[in-house]
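K.L.:
Got a structure here, written out as structure tokens. Questions coming.
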Amino acid sequence: MSLVVETAPAKINLALHVTGQREDGYHLLDSLVTFTERGDLLTARLADTDDFTLSGPFSKGLETDGGNLVIRARDLLRDAVQAAGGDTPPVVLHLEKNLPVASGIGGGSADAAAALRALMRVWNATLPDATLATLALRLGADVPMCLAGRPAIARGVGEDLTPVTTLPSLNLLLVNPLKPVSTPETFRRLARRDNPPMEPLPSSFALTDWIDFLAGQRNDLEPAARQIVPEIGFITTLMNLTGARLACMSGSGATCFGLYETREAARAAERNLRSAQPGWFVQAMTTVSGDEP
Ligand code: C5P
């Protein structure tokens, strides 16, 4: 295959509990993650020489060399495929950056995972799942979950994944005040690192059961992120005022998600918040359901 396109969806932490810390400083998590249907777009095309180009509303200032996780993913995968005897001809990569960077919704990790998926296809490569998962983890703690791209409980530092097949598709509104947040900085500001894990997940597909469950869970990084971006509190208030059944921050922030009962309700809230806050990223998004193949 000479041209492939992969979506790099937003990763949403519906709940994120920080339950401990490893000796190397990384934090132990118990998190429920899901993924939107749309996101950044990563294109890979066989060519005479390697290249990497960017476009899209959030591409400004992004690096196009080894400082970009997409290029690190390409180089690591190329080494692994070559070591396994595979062919890795030059490839032109293009990233359409539609989601804000440093915003708690996967960002570079999702792009790196999409690059791995696209390159596996364009190089027609085969690697054991375990090799690919190890390689993904070397790129970042969130890359394995982004590679899977399905609803899951993420434990360990994020790499220990258990699929959640009962999570329904959700109608979300994503809002970011366009203030980037440094993940290490948010973790550094944590007041507690030994919080209790999530409660047992609902076993039903019913949205109301999931809303009730999520209302009792937390994002332990939210208080720390609010110190850096005070608007987070205002965003969740606005979401509640526009009918969200639940409003919470994702990842290390500052993107917040509002959960609405219908797609129409999420779209109406999108219109309201866009006109009230034209300088913010405001996007209604549907998430994948856990029972899709
Ligand atoms: O793995 P990644 O490079 O995405 O992580 C960025 C930073 O976020 C790490 O250097 C670490 O400071 C912090 N982090 C953490 N615990 C995690 C994931 C990330 O402390 N589980």
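K.L.:
From the helices alone, meaning DSSP H stretches of at least four residues, give me the mean residue ellipticity at 222 nm for the chain, per-run term -39500 (n - 2.57), in deg cm²/dmol to the nearest 500.
P.N.:
The helix contribution divided over the chain gives -9500 deg cm²/dmol.
K.L.:
While we're on this one: Roughly how tilted is helix 231-241, in degrees to the nearest 10 and between 0 and 90, from the longest Cα axis of the chain?
P.N.:
With rounding to tens, the tilt is 60 degrees.
K.L.:
If you don't mind, there's one more thing I want to ask. Using the alpha-carbon atoms, what tilt in degrees (0 to 90, nearest 10) does helix 108-122 show relative to the longest principal axis of the chain?
P.N.:
40
K.L.:
Over the chain, what relative contact order in percent results from Cα pairs under 8 Å that are six or more residues apart?
P.N.:
That works out to 25 percent.
K.L.:
Does anything in region 104-129 have its amide N under 15 Å from the 7 Å Cα→Cβ label point of ASP50, and if so which residues?
P.N.:
Label zone hits: 115-116, 119-120, 123.
K.L.:
Once the other residues with Cβ under 13 Å from the Cβ of GLY108 are scored (Lys, Arg +1; Asp, Glu -1), what is the net sum?
P.N.:
Net charge in that neighbourhood comes out at -1.
K.L.:
With viscosity set to 0.692 mPa s at 37 °C, what whole-number translational diffusion coefficient in µm²/s follows for the chain from Stokes-Einstein and a Kirkwood radius over Cα pairs?
P.N.:
169
K.L.:
Please check: in the Gaussian network model of the chain (C-alpha springs, under 10 Å), which one of ALA102, ALA47, ALA130 has the largest mean-square fluctuation.
P.N.:
ALA130
K.L.:
OK, next. Pick out which of ARG22, ARG45, ARG150 has the largest mean-square fluctuation in a Gaussian network model of the chain, springs linking Cα atoms closer than 10 Å.
P.N.:
Answer for the Gaussian network model of the chain: ARG22.
K.L.:
Related question: Sort 138-147, 189-198 by packing, meaning the average of other beta carbons within 10 Å per residue, with the highest value first.
P.N.:
138-147, 189-198
K.L.:
To continue, here is another question. Springs between alpha-carbon pairs under 10 angstrom, Gaussian network model over the chain: which of ALA15, ALA224, ALA110 fluctuates most?
P.N.:
Per the Cα network of the chain with a 10 Å cutoff, ALA224 tops the list.
K.L.:
Assuming 0.36 nm per residue, please report the length gained on full extension of the stretch ASP65 to PHE234 beyond their Cα-Cα distance.
P.N.:
57.1 nm
K.L.:
Further, regarding this structure: Please check which bits of region 244-264 a label hung off GLU199 would reach, taking the label as a point 7 Å along Cα-to-C-beta and the cut-off as backbone N under 16 Å.
P.N.:
Answer for region 244-264: 246.
K.L.:
Rounded to the nearest 20 Debye, what is the dipole magnitude of region 218-293 about its Cα centre when Lys and Arg each give +1 and Asp and Glu each give -1 at the C-beta?
P.N.:
Computed about the Cα centre, the dipole is about 240 debye.
Just so you know, all these numbers are worked out from the coordinates, no wet-lab data involved. Only a predicted model underlies this, so the values are computations on that prediction, with no experimental measurement involved. So basically every Cβ, Gly included, is an ideal-geometry build from the backbone, and we count neighbours across all protein chains shown.
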